[in-house]
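Structure first, commentary second.
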Amino acid sequence: ATDPEYQLPEGSPLLITVGQRLASVGLAEDAVAAFLRGHDVKAAIDCCVLLNQWDQAVALAEEHDFPQIEGLLSKYAQHLLTGGRRMEAVELYRKANRHPDAAQLLSQLAQEEVDAKANPKRARSLFVLAALEVEKFRDKTLKIAPTGTMATLSTMAGGPKGTIAGKIVGGGGAKGTMATMATLDGLMQGDAAASDNKILDRAWRGVEAMELLLETHKLLYLGEARIDAAMKYAQALAEYDDILDAEMVYSLIALTAFHNQMYGTCSNALMRLEQIEGVSHERRESYQALAFKIFTRYKPKNPGIPEELKGKDTVTNETKKAIRKKYKTLCAPAPSL
């Protein structure tokens, strides 16, 4: 009841009973409110855990200094992983705002799809999900305190109050300094997570790699009109040898270069295929035989390229930024009405 006249008083034992009844029917928010009014924080956290409301459980644990929640979360996540329920573990990490862990697990799933050469679109989707978790982590870690309360680096270093390199940015004082320290702590946490976990930089690279791979195949099948673009996209895939299979990449380069009559590029790709570690003796011999067959007929040289075509369809940093922007926009939450 919202009327204070009909509400149970703070700390009443009946509030615990009410909370238990509400929890038994899955009403987590109301149950937690009852437990908190009954001054039983542990029961509120237990309720959140039992009803899989890990984000609220972690928030309550941090607010009321219950460090045991991290151990419980890790234990449950390990239980899910041991049982092969990895997507459930991802969802658990997401609900608990453990974005780096979610990103790492999603990237592992994506890499398995890439290695299996089964479904590149699914691999791309998993990399996108991992990258979005990375963005959430960065937004959370690098969140700056509001302007009126933010101290500055120069204040901490002994410079003029409220300035960075002479520019006024906000108030100083002890409160502002604490806000800046919190921000710096967040930055250091981000650096530590990134150094321990290369996945934070790898997720978006995975998105780029799969997008360029799919686009290469699309351009290749469009035929002669787009074969030059297909070759350039295939060449860009060589930057992603930590994600994509090198044999597949250089096979694509050799194929597109041959159809584009860029025989020098084709020759270089075939030589790289012969040099890849782990390629079987039979496949190495087949590449040598193919090179012999091609280059007894064509000279391994590229023809002259007109100046106006040199930069056309080249994959640049702007291309990669556009890929990231595309998926950030596609996956952005819908604006509230």
* With respect to LEU50, is the statement that it is under 16 Å from the mean Cα position of the chain (by Cα), surrounded by fewer than 23 Cβ atoms within 10 Å (Cβ to Cβ) and either at pLDDT 90 or above or not aromatic (Phe, Trp, Tyr) (or both) true? -> no
* Check LEU73, LEU106 and return the single one that is crowded, with 21+ Cβ neighbours inside 10 Å and in contact with a Leu (Cβ under 6 Å, 6 or more places away or on another chain). => LEU106
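Residues checked against (1) modelled with pLDDT under 95; (2) farther than 26 Å from GLU318 by Cβ; (3) not hydrophobic (A, V, I, L, M, F, W, C):
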{"site": "VAL207", "(1), (2), (3)": "no, no, no"}
{"site": "GLU211", "(1), (2), (3)": "no, no, yes"}
{"site": "ARG226", "(1), (2), (3)": "yes, no, yes"}
{"site": "GLN235", "(1), (2), (3)": "no, no, yes"}
{"site": "THR256", "(1), (2), (3)": "no, no, yes"}
{"site": "VAL279", "(1), (2), (3)": "yes, yes, no"}
{"site": "GLU285", "(1), (2), (3)": "yes, yes, yes"}
{"site": "TYR298", "(1), (2), (3)": "yes, yes, yes"}
* Report yes if ALA203 is touching a Ser or Thr at 6+ places or on another chain (Cβ under 7 Å) and at pLDDT below 95, otherwise no. => yes
* Asked: Which one of ARG122, ARG86 is open to solvent by 60 Å² or more (accessible area, probe 1.4 Å), modelled with pLDDT of 90 or more and closer than 23 Å to TRP54 by Cα?
  -> ARG86
* Which condition does ASP30 not pass, out of (1) surrounded by 12 or more Cβ atoms within 10 Å (Cβ to Cβ); (2) in a helix (DSSP H, G or I); (3) modelled with pLDDT under 80, if it passes all the others? -> (3)
* Structure fact -> Requiring at least 3 residues that are surrounded by 17 or more Cβ atoms within 10 Å (Cβ to Cβ) and more than 34 Å from the chain's Cα centre (by Cα), the helices (runs of 4 or more DSSP H) wholly within the stretch 217-299 are 263-275
* Selection status of ASP185, modelled with pLDDT of 90 or more, more than 28 Å from LEU330 (Cα to Cα) and part of a helix (DSSP H, G or I) -> no
* Between a first residue in the stretch 8-22 that is outside any helix (DSSP H, G or I) and a second residue that is open to solvent by less than 80 Å² (accessible area, probe 1.4 Å) and of a type in the set (Lys, Arg), which pairs have beta carbons less than 7 Å apart while being 6 or more apart in sequence or on different chains? -> GLU10/ARG37
* For the stretch 66-124, how many residues meet the condition of being within 23 Å of LEU212 (Cα to Cα) and part of a helix (DSSP H, G or I)? -> 19
* Asked: Among the residues of the stretch 57-75, is any in contact (Cβ under 8 Å) with a residue 40 or more places away in the chain, polar (S, T, N, Q) and in contact with a helix residue (DSSP H, G or I) (Cβ under 8 Å, 6 or more places away or on another chain)?
  -> no
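The values are calculated or read from the model by the stated rules, or taken from the named source; none is laboratory data. On a predicted model such as this, the values are computed, not experimentally measured, just so you know. Reconstructed Cβ throughout: ideal geometry from the backbone, glycine too, with neighbour counts over all protein chains shown. Ligands, DNA and RNA are excluded from the accessible area calculation, which covers all protein heavy atoms including side chains. Shrake-Rupley method; radii C 1.70, N 1.55, O 1.52, S 1.80 Å.
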